[in-house]
Amino acid sequence: MTQLMETFQTHRSDLWTAILQHLQISLISLLIATVIAVSLAIWLVQYKRAAEIVLQMTSILQTIPSLALLGLLIPLVGIGTLPSIIALVAYALLPIFQNTYVGLTSIDPSLEEAATAFGMTRTQKLIRFELPLAMPLIISGIRIAFVLIIGTATLAALIGAGGLGTFILLGIDRNDMSLIIIGALSSIILAVLFSALIRRFQNLKVKTIATILIALGVLFAGGATINALTHQKKELVIAGKMGAEPEILINMYKDLIENDDPTINVTLKPNFGKTSFLYSALKSKSIDIYPEFSGTVLEELVKTPLKNTNKEQVYQQAKSAIKAKDNLDFLDPMAYQNTYAVAVTKEFADQYHLTKISDLSRVSSKIKAGFTLEFLNRGDGYKGIEKKYGVSFNVKSFEPALRYQAIANGDVNLIDAYSTDSQLIKYNLVTLRDDQHLFPPYQGAPLIAKGILKKYPTVKKSLNKLGNKISDTDMQEMNYLVDVKNVPASKVAHDYLTKHHLLD
């Protein structure tokens, strides 16, 4: 409990920001879904077959995995709030449409006949008694939809939309239960409070509810306009993959760019997600810069075979290939290499005399591997190990941070890793030598969207200050400070730049 309170005090301002972001995304999504679903239900009351088709379509939307839907939306609409809202609206349509349609079609036919006999028009019947009678069911559908939205909106953090998901993702990545509890508990409290608030709407008149919805629409539209007007100055968006290392690097990028040109405002989006999300976002210009590695550029982005394993030549090959394919700029690389590795506990390595990957063939039946999805599906990952080393294992897939917990708990005994991961020290793990030279060189460098260097000419000089800087030891020590000692990534980044005289 003490640690939970300390974490809350440390992240209090960030928590309020996350709550506001979460509420904004959730309420906008609910408002849009309500207008669409209620309008459709009212229109289709007289068309039973069409209503059944729409009901099936909204049911199908709910079966699409949220991560898959976000992945499909990124190339079309970019990252951030917009794809999050589209996905949340899609998930909220079913309960609102279904309850509204059932409420309207369950009204006693004798009431309809009496209203017709009194000369009421379709609109008059709808406003005077159909909607009031159906209101308890409609509000129930809206409540169900909002609880669903609040829970699902935590995934918005994966694509840079913020919200309470940032606390949960950061907690998983740092193995910090306090952050996970704060994010999850805040989400639960929001769902309970607003569920109770929405319930009170069923006692309001239809005109009052319509007025509230219009007022909310005007409020959100006005807020969006003000936000657009206040962001007219020069702004760069820099994102990073999950983990401490990308967060440290993007904070270095921010400090260097703003130090050399104070007129540029840099917005950071840490813990953004997997390589594919960032790459799609960069090509669509939803973000401007993110740290990438030469081996990943060749293997995953341009899918070009390595010509050799010389790190300088691999970098030049990656730089030329990504420029030719997508017109993206790959700046000067840093000194360290964050290459792939496979790791076991020291006890397991000692017990079976394991020093290199080829040794695993002797104990393949005893191996319980835990790999990330990205490593599982890469030619320079598990697929390459199967092909080049002629071995296969019993494999489970894990999120990056969870695989370390799995090997610490004994659930697996072999994992993929990055050579600069601090957890290798924390959990006393041994990396096995890549004796068949499967893993290509992985030099990190800023990958930059088309046209950014022309628009911001100082950026290239600023970021190239990191060229040939940061050793393997430097990076692992900085990762350790963030992951284990809980030092903010921004401070670790600034301290390194100051120590090495890279800032004025």
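The values are calculated or read from the model by the stated rules, or taken from the named source; none is laboratory data. Since the model is a prediction, treat every value here as computed from it, not as a measurement. In this analysis, Cβ positions are derived from the backbone assuming ideal geometry, glycine residues included, and neighbour counts consider all displayed protein chains.
Remarks
- Segment 271-327: number of residues that are surrounded by fewer than 17 Cβ atoms within 10 Å (Cβ to Cβ), of a type in the set (Val, Ile, Thr) and either touching a residue at least 40 places away in the same chain (Cβ under 8 Å) or under 23 Å from GLY243 (Cα atoms) (or both): 1
- Hits in segment 405-418 - residues which are touching a helix residue (DSSP H, G or I) at 6+ places or on another chain (Cβ under 7 Å) and farther than 23 Å from GLY444 by Cα: VAL412, ASN413
- Being within 18 Å of the chain's Cα centre (by Cα) and outside the structural domain of PRO246 (by TED's automatic domain parsing) is a condition met by no residue of segment 124-131.
- Against the numbered list (1) without any contact (Cβ under 8 Å) to a residue 40 or more places away in the chain; (2) in a helix (DSSP H, G or I), PHE348 comes up short only at (1).
- Tallying residues that are part of a helix (DSSP H, G or I), free of Cβ contacts under 8 Å to residues at least 60 places away in the same chain and over 27 Å from the mean Cα position of the chain (by Cα) within segment 41-59 yields 11.
- Pick from segment 166-195, criterion among the small types (Gly, Ala, Ser) and without any contact (Cβ under 8 Å) to a residue 40 or more places away in the chain, ranking: nearest to SER276 (Cα to Cα): GLY171
- Selection within segment 315-341 - of a type outside the set (D, E, K, R) and assigned to a loop (DSSP other than H, G, I, E, B): ASN327, LEU328, LEU331, PRO333, MET334, ALA335, TYR336, ASN338, THR339
- With a requirement of 3 or more residues that are within 26 Å of the chain's Cα centre (by Cα) and aliphatic (A, V, I, L, M), the strands (runs of 3 or more DSSP E) lying completely within segment 351-460 that satisfy it span 444-448.
Yes/no per residue for (1) in contact (Cβ under 8 Å) with a residue 60 or more places away in the chain; (2) of a type in the set (A, V, I, L, M):
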{"position": "ILE25", "(1), (2)": "yes, yes"}
{"position": "LEU31", "(1), (2)": "yes, yes"}
{"position": "LEU61", "(1), (2)": "no, yes"}
{"position": "PRO65", "(1), (2)": "no, no"}
{"position": "ALA92", "(1), (2)": "yes, yes"}
{"position": "ILE107", "(1), (2)": "no, yes"}
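- Test: residue in segment 107-116 that is out of contact with any Lys or Arg (no Cβ under 7 Å at 6 or more places or on another chain), more than 23 Å from ILE142 (Cα to Cα), assigned by TED's automatic domain parsing to the domain that holds HIS22 and among the polar types (S, T, N, Q): yes
- Any hit, segment 137-157, residues being without any contact (Cβ under 8 Å) to a residue 40 or more places away in the chain, surrounded by fewer than 20 Cβ atoms within 10 Å (Cβ to Cβ) and over 27 Å from MET242 (Cα atoms): yes
- Against the conditions (1) over 30 Å from ASP380 (Cα atoms); (2) surrounded by fewer than 22 Cβ atoms within 10 Å (Cβ to Cβ), GLN436 satisfies every one except (1).
- Segment 417-430: number of residues that are surrounded by 19 or more Cβ atoms within 10 Å (Cβ to Cβ) and more than 27 Å from ILE238 (Cα to Cα): 2
- The C-beta contact set for segment 487-504 (first residue without any contact (Cβ under 8 Å) to a residue 12 or more places away in the chain, second residue assigned to a loop (DSSP other than H, G, I, E, B), distance under 6 angstrom, 6+ apart or interchain) is empty.
- In segment 111-136, the residues that are within 19 Å of LEU44 (Cβ to Cβ) form Cβ pairs under 6 Å with partners that are in a helix (DSSP H, G or I) and of a type outside the set (A, V, I, L, M), at six or more places apart or across chains, as follows: ALA134/GLY103; MET135/GLN202.
- Scanning segment 5-19 for residues that are surrounded by 14 or more Cβ atoms within 10 Å (Cβ to Cβ) and farther than 20 Å from ALA489 by Cβ yields a total of 1.
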